[in-house]
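Visitor: Would you mind keeping the following structure in view while I ask a few things?
Every read-out reported here was derived from the displayed coordinates using simple, explicitly stated rules and does not represent laboratory data. Treat the numbers as computed from the prediction; the structure is a model and nothing was measured. As a convention, Cβ positions derive from the backbone with ideal geometry for all residues, glycine included, and neighbour counts pool all protein chains shown.
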Amino acid sequence: MSQKNLILLGPPGAGKGTQAKELSTRLSVPHISTGDMLREAVREGTPLGLKAKAVMERGELVSDELLTEIVRERLAKADCDPGFILDGYPRNLAQAGILAGILEDLGKSDLLALELEVADDVIVTRLGSRRSCPDCGAVYNLVFSPPAKEGVCDKCGAGLVLRKDDKEDVIRERLRVYHEKTAPLSDYYRQRGRLKTVPGDVPPAQVLEKLERAIG
Ligand code: AP5
C-alpha cells in the first residue's frame with residue numbers, strides 16, 4: 001500500500017503547493033497548507049491573522065505556539081483518516097518534534113517526507129513571476145503557467161495579485177530563514193529513514209511523476 005501521510009519539504013517557491021494540490025486529488029487525501037490557513041486568517045482579520053500578518057510580510061516564521069493547535073485540530077479531523085499532505089509544516093526542528101507528538105497521539109506516526117530540491121536563483125525568478133488568486137487560491141506563473149487572460153483568474157474571474165511576501169527583498173529573507181531553520185529538517189527525516197528527495201527544477205508534470213514514484 002502506498003504511503004499517504006505525507007509532508008512536503010522544500011524552499012519557498014519549490015512547488016510544494018502546486019504538487020500538493022495534484023497529489024491531493026490523485027490520492028484523495030486533504031492538502032493542509034499552514035501558509036494558506038494563515039493567509040485566510042489574515043484576510044478574515046481573526047486574532048491569529050492579526051498576530052501573523054506583519055511577521056509573514058517580513059518573510060519570517062510565525063511563532064510555533066500559534067501553529068500547534070491549528071495543526072493538531074486539522075489533523076484530528078475525519079478527512080485525515082486515510083492520510084494527508086502537509087505543506088509548510090513543520091518549518092523548524094521544534095515543529096517537527098511537536099508534529100511527531102501530535103501524530104503519535106492520533107496514531108498516525110507512519111509518515112513520509114518528500115523534499116523538492118530547487119536552487120535559490122531559480123526560486124527568486126519563480127516567485128517574482130508568481131501570481132495568486134486572493135479568492136480561490138489558484139496559483140499561476142507569468143513565465144511557466146500564465147492565466148488565459150492577463151491578470152484574471154481562470155477559475156473564478158477574480159483579479160490576480162503578487163503576494164506581499166513575493167517581493168524580491170522578502171523572497172531573499174524567506175530563503176535565508178529557510179536555510180537557517182527549515183533545511184535541517186532534511187537530516188531530521190533522513191536519519192529516521194523517512195525522507196525521499198526529488199528534483200523540483202523540472203516541469204511540474206515530471207515533478208509529479210517523480211513524487212508518485214517516491215510515494216510508491
Ligand atoms: P507558505 O505559504 O508555506 O510559503 P512557502 O513555503 O514560502 O511556499 P510558497 O507558497 O511560497 O511556495 P510553494 O513551494 O508552495 O510553491 P508554488 O507551488 O506556489 O508560507 C508563507 C508564510 O507563512 C511564511 O513565510 C511564514 O511567515 C508563514 N508560515 C507558514 N507556515 C508556517 C509554519 N509552519 N511556521 C511558521 N510560519 C509559517 O510555486 C511557486 C511558483 O512556481 C508558482 O508561480 C508556480 O506556478 C511555479 N512553479 C511550481 N512548480 C514549478 C515547476 N516545476 N517549474 C516551473 N514553475 C513552477
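Visitor: Can you put 63, 186 in order of Cβ neighbours within 10 angstrom, beginning with the fewest? Before the final figure, lay out the partial values.
Guide: Details: 63 11, 186 16.
By the 10 Å Cβ count, ascending: 63, 186.
Visitor: Taking neighbour Cβ counts within 10 Å as the exposure measure, how do 175, 50, 67 sort from fewest upward?
Guide: 50, 175, 67
Visitor: Another question, then. So if I place +1 on the C-beta of Lys and Arg and -1 on the C-beta of Asp and Glu, and nothing else carries charge, what would the dipole magnitude of the chain be about its Cα centre? I want it in debye, nearest 20.
Guide: In total the dipole reaches around 180 debye.
Visitor: Another one. Using a/c under 1.5 as the rounded threshold, could you call region 156-216 rounded, prolate or oblate? The axes a ≥ b ≥ c are square roots of the C-alpha gyration tensor eigenvalues, and prolate needs a/b larger than b/c, oblate otherwise.
Guide: Since a/c reaches 1.5 but b/c is at least a/b, the shape of region 156-216 is classed as oblate.
Visitor: To continue, here is another question. Round to a whole angstrom and tell me the spacing of the C-alpha centers of region 159-173 and region 1-60.
Guide: 16 Å
Visitor: Please rank 179, 31, fewest neighbouring Cβ atoms within 10 Å first, as an exposure proxy.
Guide: By the 10 Å Cβ count, ascending, the order reads 179, 31.
Visitor: Ok, one more. At 222 nm, what helix-only mean residue ellipticity would the chain give, in deg cm²/dmol to the nearest 500, using -39500 (n - 2.57) for each DSSP H run of four or more?
Guide: It comes out at -14000 deg cm²/dmol, rounded to the nearest 500.
Visitor: If you don't mind, another one. Decide, for region 104-166, between rounded, prolate and oblate: order the square roots of the alpha carbon gyration tensor eigenvalues as a ≥ b ≥ c, take rounded if a/c falls under 1.5, and otherwise choose prolate if a/b is larger than b/c, else oblate.
Guide: Oblate, because a/c is 1.5 or more while a/b does not exceed b/c.
Visitor: A follow-up question, please. Please report, in Å, the Rg and the Dmax of the chain, where both are computed over Cα atoms only.
Guide: 16.5, 47
Visitor: Determine the percent antiparallel among the DSSP beta bridges restricted to the chain, to the nearest 5.
Guide: 25 percent
Visitor: Hey, got the Cα dimensions of region 1-54 along the principal axes, in Å, largest first?
Guide: 42, 22, 15
Visitor: Same structure again: Give the total of Lys-Lys pairs in region 80-187 with Cα-Cα distances below 29 Å; include a pair only if its members are 8 or more places apart or on different chains.
Guide: Lysine pair count for region 80-187: 7.
Visitor: I need to check one value: relative contact order of the chain, counting alpha carbon pairs closer than 8 Å and at least 6 residues apart, in percent.
Guide: 31 percent.
Visitor: In addition: When the Kirkwood hydrodynamic radius is evaluated over all pairs of different C-alpha atoms of region 1-122, what value in angstrom, to one decimal, is obtained? Mind dumping the intermediate values first?
Guide: Values: mean 1/r = 0.0666 Å⁻¹.
By the Kirkwood definition, the hydrodynamic radius is 15.0 Å.
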